[in-house]
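In what follows, a structure is listed as structure tokens, so that the remarks can point back to it.
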Amino acid sequence: MLKNLPKTYNPKDFEDRLYDYWLTNDYFKARVNKDKEPFTILMPPPNVTGNLHMGHALNNTIQDILTRWKRMEGYETLWQPGTDHASISTEARVVAKLRKEGKSKEELGREGFLEEAWEWTRLYGGNIKNQLKKLGVSCDWSRDRFTLDEDMSKAVEEVFIRLYKKGLIYRGDRIINWCPNCVTAISDAEVEHQDSHGHLWYIDYPVKDSDRKITIATTRPETMLGDLAIAVNPEDERYKDLIGKMAILPLVNREIPIIADEYVDMEFGTGAVKITPSHDPNDFEVGERFNLGHLVVMDDKGKINSNGGKYAGLDRFEARKRIVEDLKEQGYLNKIEEHDNAVGHCERCDTVIEPIISKQWFVKMEPLAKPALDAYYEGKIRFIPERFGKIYVHWLENIKDWCISRQLWWGHRLPVYYCDDCDEIIVSRTQPEKCNKCGSTSLTQETDTLDTWFSSALWPFSTLGWPEETDDLKYFYPTDVLVTGYDIIFFWVIRMVFSSIEQMGEVPFKDVFLTGLVRDSQGRKMSKSLGNGIDPLEIIDVYGADALRFTLVTGNTPGNDMRFHMEKVEANRNFANKLWNATRFVLMNLDEEVVKEEFDLAELEEEDKWILSRLNDVIKNVTENLEKYELGLAAQKIYDFIWDDYCDWYIEMVKSRLYGEDAKSKAIAQRVLLYVLKDINKLLHPFMPFITEEIWQYLPNTDMALIISQWPKYDERLEFKEAERAIEFVKSSIKAIRNARAEMDIAPSRRSNIIFVAENEGVKDLIISNKRYFIDLASAEEVIIRESKEGLDNSFISVVLDKAEAFLPLKDLIDYEKEIGRLEKEKEKLEDELRRVEGKLSNEGFVSKAPEKIVNAEREKKVKYEEMLAKVLERLESLKKDMVE
RNA sequence: GGGCGAUUAGCUCAGCUGGUUAGAGUGCCACGUUGACAUCGUGGAGGUCAUUGGUUCGAUUCCAAUAUCGCCCACCA
């Protein structure tokens with residue numbers, strides 16, 4: 001006797017156990033194997049101290065589906081996991097923790113602080129990995145990497161040094177984005193522009209040796225402390241005579257020149273603009289052109305520094321208020337206008353960014369961007385969906401140099417040493433003994449660390465052992481597909497592309513599958529501050545990982561945001577339950593001895609052929625969908641096949657055989673049931689790995705784990721188009737009969753004879769050979785075939801079918817009015833259809849230009865509808881006549 | 001200021017290269033305790049596929065414009 005499944009589907013009973021089972025059997029492990037094609041996916045490394053959120057759940061589910069599917073297809077699959085040190089974020093959290101303890105970063109010093117940070121990482125670092133495991137991810141944990149691992153760091157240094165030697169990394173004074181809260185420079189990508197309602201302050205600057213004034217407009221009046229000029233457009237008639245004169249900076253009484261530069265827009269404001277080279281990127285450029293020099297008036301915390309005179313020490317926003325007050329008081333404030341503009345905010349802490357001149361390290365982007373663009377144009381990189389290619393191109397075409405130095409400690413320290421005596425810069429992996437210029441032995445290492453994305457940009461090859469030429473690297477690189485959120489294209493995707501092309505000479509991945517955002521049920525972004533986040537782990541706890549996974553991939557297309565509804569998770573849990581119970585049913589009806597043999601093609605009955613043929617189709621379509629990354633469609637097809645075809649029809653059709661006396665027929669049914677069930681579990685496995693593996697363990701004749709079983713293949717011997725047509729006829733007839741009965745309020749339990757009158761021998765045979773289904777599924781007492789309609793009067797319900805008519809003798813129940821109503825409805829439906837078809841066919845253009853196949857199909861429909869309509873009309877007339885009498 | 005996406009049943013969404021009686025889940029209504037499943041079964045109601053043009057024999061599907069919502073990019077002080 002076969003062991004059967006527990007009575008209720010309870011994912012908690014087996015999900016963790018199966019994950020351990022897969023792990024201990026090394027099924028996730030990838031090895032260089034020359035006999036197989038490799039398939040590689042890089043997991044976007046989550047923040048090491050982070051927690052699993054729906055975004056992770058979504059993209060890791062997708063990656064796992066692809067990985068499991070490819071593994072079953074026979075590829076040597078590597079899904080490379082790892083975590084990211086997330087410098088700014090982690091450092092901020094450690095700093096916050098220290099603050100709570102009354103300590104500060106500075107007190108502890110660099111080493112002490114790093115110890116704390118490592119401790120923190122050890123404490124929380126495992127969380128996200130364990131959470132991912134709950135989801136069922138089949139990545140190779142034996143290859144787990146952390147961006148601060150020694151070999152990862154080695155790769156980082158190597159790339160830094162190479163780029164420096166090539167002149168692609170430089171140090172310089174540039175306007176960068178400064179976050180006064182994080183106290184570090186950040187890159188352009190890390191700045192978020194937010195529209196805000198602000199003001200435009202018009203300030204009068206007196207012109208020296210004149211009674212004239214020149215009025216400028218500014219959104220940041222506090223920066224006037226650092227003004228080094230006023231600029232006007234050279235073509236501007238209003239100011240031509242002032243060019244070359246000096247203006248007097250109000251409040252500080254410093255003299256600044258009035259200069260002319262094309263950059264000034266005559267239409268905006270007053271056409272005159274204050275130039276603050278140290279606090280504005282445009283002004284910086286003007287300053288360079290005119291050699292204005294620099295004057296920084298703010299410190300790293302966003303406070304006015306000693307160059308700000310009496311305002312020194314004030315926070316920038318406080319200073320703004322005071323300066324405006326003072327200007328007003330002293331009569332310099334001309335007017336204030338409402339003004340909307342986009343203000344840069346720190347992507348991580350939401351603080352208003354301060355553009356400020358600062359000495360930082362940069363990657364020269366132009367030479368790196370070019371090959372990355374070419375790769376795209378040459379089709380070496382493909383985006384799914386395609387539209388994101390435009391975003392990629394646009395960013396690369398407008399790229400600016402990448403500021404990579406951060407004033408943080410948690411991260412990769414720049415491999416840079418400065419000579420204390422001659423300021424020589426030495427880039428070296430280890431501390432040089434002496435300065436190679438002046439010979440001084442007094443050298444200091446750069447204190448800055450690198451942007452976190454500098455290290456994750458190398459992930460595609462650093463994880464495979466680069467710069468060593470490892471076998472892994474040769475075999476698994478380049479990777480096949482990257483699955484990530486569209487919000488990370490600039491941060492990560494692009495940087496991996498140019499870094500990989502530069503170092504490896506080849507793109508890091510062929511396809512980029514972009515996911516959308518998972519929103520809450522009201523369409524809002526899930527966020528901590530709103531408190532509307534849904535914890536994937538709680539969902540898994542209640543409904544199981546399979547239900548969650550299925551929810552995340554169905555009814556969703558790449559790159560589109562989705563809303564998360566609990567009802568959907570529930571529906572998918574129900575689906576799992578359905579499969580569970582279908583399996584229970586099958587198992588309790590299998591004879592172990594019987595199913596040891598496979599079914600014989602010659603002995604198949606009609607519905608066997610039908611389900612096998614349908615399965616064959618599903619295999620083909622699902623595989624095609626997966627190849628095109630149409631995961632949602634693939635999932636839907638499997639779902640429909642299992643629920644509709646297998647459970648609702650095939651199992652129901654086969655029941656009488658299982659309970660019947662015909663041993664041979666019964667045996668075949670058992671074998672087909674099992675055969676199809678096995679393939680169902682295979683097809684569903686990538687999507688719902690746990691329940692399918694669990695079921696697999698109970699199925700007879702399975703000698704290995706489902707996870708490493710072979711993906712089903714389309715088999716042309718199992719294509720039975722004729723049987724499909726036959727069963728489709730049976731199904732639609734049963735539905736029509738059920739429908740008629742329901743509309744006539746006849747309880748399903750009340751059986752009645754069904755009398756068929758067929759129009760030709762073929763249909764007649766079809767009905768005879770499928771008799772039993774009408775008994776089992778359409779509440780037939782007995783199925784009777786008659787040659788003509790004679791005697792089938794109005795005491796019978798008439799169900800008009802294609803090329804046949806069914807009659808249900810329900811004399812005592814029949815309600816003429818109801819029956820007329822039902823047939824009227826049928827009539828209208830047919831008439832509508834007929835009108836549509838006739839409209840088409842009477843269209844000259846359609847008949848002459850449309851493909852013959854389409855035209856013929858319409859012609860067939862026309863005949864069919866006409867025939868059916870005639871029958872309906874005949875019946876209606878007869879009924880109405882009867883009514884009158 | 002540029003670019004992009006969405007608009008299909010009450011709700012959430014599929015619908016891939018133009019031809020289907022436009023689908024699913026959920027919700028709603030009616031019926032159902034048949035030996036896998038009430039986390040179920042059977043049936044039903046519910047859509048002029050945002051609007052307007054265009055291409056075409058034929059448009060939910062392709063093109064253009066409009067409207068509404070949303071997103072991304074951008075140094076107009």
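Read-outs throughout are calculated quantities, based only on the coordinates presented, and are distinct from any laboratory measurement. Because the structure is predicted, anything quoted here is derived from the model rather than measured. Don't worry about glycine lacking a Cβ; one is built from the backbone with ideal geometry, like all the others, and counts go over all protein chains shown.
Step by step: first the residues of the stretch A:8-48, then only those that are in contact with a helix residue (DSSP H, G or I) (Cβ under 6 Å, 6 or more places away or on another chain) and β-branched (Val, Ile, Thr), then the one that is nearest to A:Thr452 (Cα to Cα). Which residue is that? Ranking the qualifying residues of the stretch A:8-48, first place goes to A:Val48. Contact annotation: residue pairs with Cβ atoms under 9 Å, 6 or more positions apart or on different chains, pairing a residue in the stretch A:1-28 that is without any contact (Cβ under 8 Å) to a residue 12 or more places away in the chain and within 16 Å of RNA strand B (Cβ to nearest atom) with a partner that is outside any loop (DSSP other than H, G, I, E, B) and of a type in the set (Lys, Arg), are A:Pro6/A:Arg584.
Restricting A:Lys731, A:Lys713 to those that are in contact with a helix residue (DSSP H, G or I) (Cβ under 8 Å, 6 or more places away or on another chain), among the charged types (D, E, K, R) and outside any helix (DSSP H, G or I) reduces the list to A:Lys713. Scanning the stretch A:207-229 for residues that are within 11 Å of RNA strand B (Cβ to nearest atom) and more than 12 Å from A:Gly269 (Cβ to Cβ) yields A:Arg220, A:Pro221, A:Thr223, A:Met224, A:Asp227. When the stretch A:764-806 is examined, which residues are found to be crowded, with 20+ Cβ neighbours inside 10 Å and of a type in the set (A, V, I, L, M)? If the condition is that a residue be crowded, with 20+ Cβ neighbours inside 10 Å and of a type in the set (A, V, I, L, M), then A:Leu766, A:Ile767, A:Leu777, A:Ala778, A:Ala780, A:Ile797, A:Val799, A:Val800, A:Leu801, A:Ala804, A:Ala806 are the ones that fit.
Screening A:Glu593 against (1) surrounded by fewer than 21 Cβ atoms within 10 Å (Cβ to Cβ); (2) within 14 Å of RNA strand B (Cβ to nearest atom) leaves a single unmet condition, (2).
Residues considered: A:Glu833, A:Glu819, A:Glu885. Of these, the only one that is more than 29 Å from A:Asn753 (Cβ to Cβ) and either more than 10 Å from RNA strand B (Cβ to nearest atom) or surrounded by fewer than 18 Cβ atoms within 10 Å (Cβ to Cβ) (or both) is A:Glu833. Residue by residue through the stretch A:194-209, note down the ones that are within 14 Å of A:Leu249 (Cα to Cα) and of a type outside the set (D, E, K, R). Listed by number, the residues that qualify are A:Tyr202, A:Ile203, A:Tyr205, A:Pro206, A:Val207. Of the residues A:Lys335, A:Lys380, A:Lys390, the single one that is part of a loop (DSSP other than H, G, I, E, B), of a type in the set (Lys, Arg) and farther than 18 Å from A:Val183 by Cα is A:Lys380. A:Ala155 passes every criterion in (1) more than 14 Å from A:Cys403 (Cα to Cα); (2) within 12 Å of RNA strand B (Cβ to nearest atom) apart from (2). Determine, yes or no, whether A:Glu728 is within 12 Å of RNA strand B (Cβ to nearest atom), of a type in the set (Asp, Glu) and over 21 Å from A:Lys825 (Cβ atoms). Considered against the rule, which asks whether it is within 12 Å of RNA strand B (Cβ to nearest atom), of a type in the set (Asp, Glu) and over 21 Å from A:Lys825 (Cβ atoms), A:Glu728 comes out as yes.
Is there a residue in the stretch A:833-856 that is among the charged types (D, E, K, R), outside any helix (DSSP H, G or I) and more than 22 Å from A:Glu724 (Cβ to Cβ)? No - not one qualifying residue is present in the stretch A:833-856.
Looking at the stretch A:544-581, which of its residues are of a type in the set (Ser, Thr, Tyr) and near RNA strand B (Cβ under 9 Å from one of its atoms)?
Narrowing the stretch A:544-581 to residues of a type in the set (Ser, Thr, Tyr): A:551, A:554, A:557.
Once the filter is applied, which keeps residues that are of a type in the set (Ser, Thr, Tyr) and near RNA strand B (Cβ under 9 Å from one of its atoms), the stretch A:544-581 yields A:Thr554, A:Thr557.
Scanning the stretch A:20-53 for residues that are of a type in the set (Ser, Thr, Tyr) and more than 24 Å from the chain's Cα centre (by Cα) gives A:Tyr21, A:Thr24, A:Tyr27.
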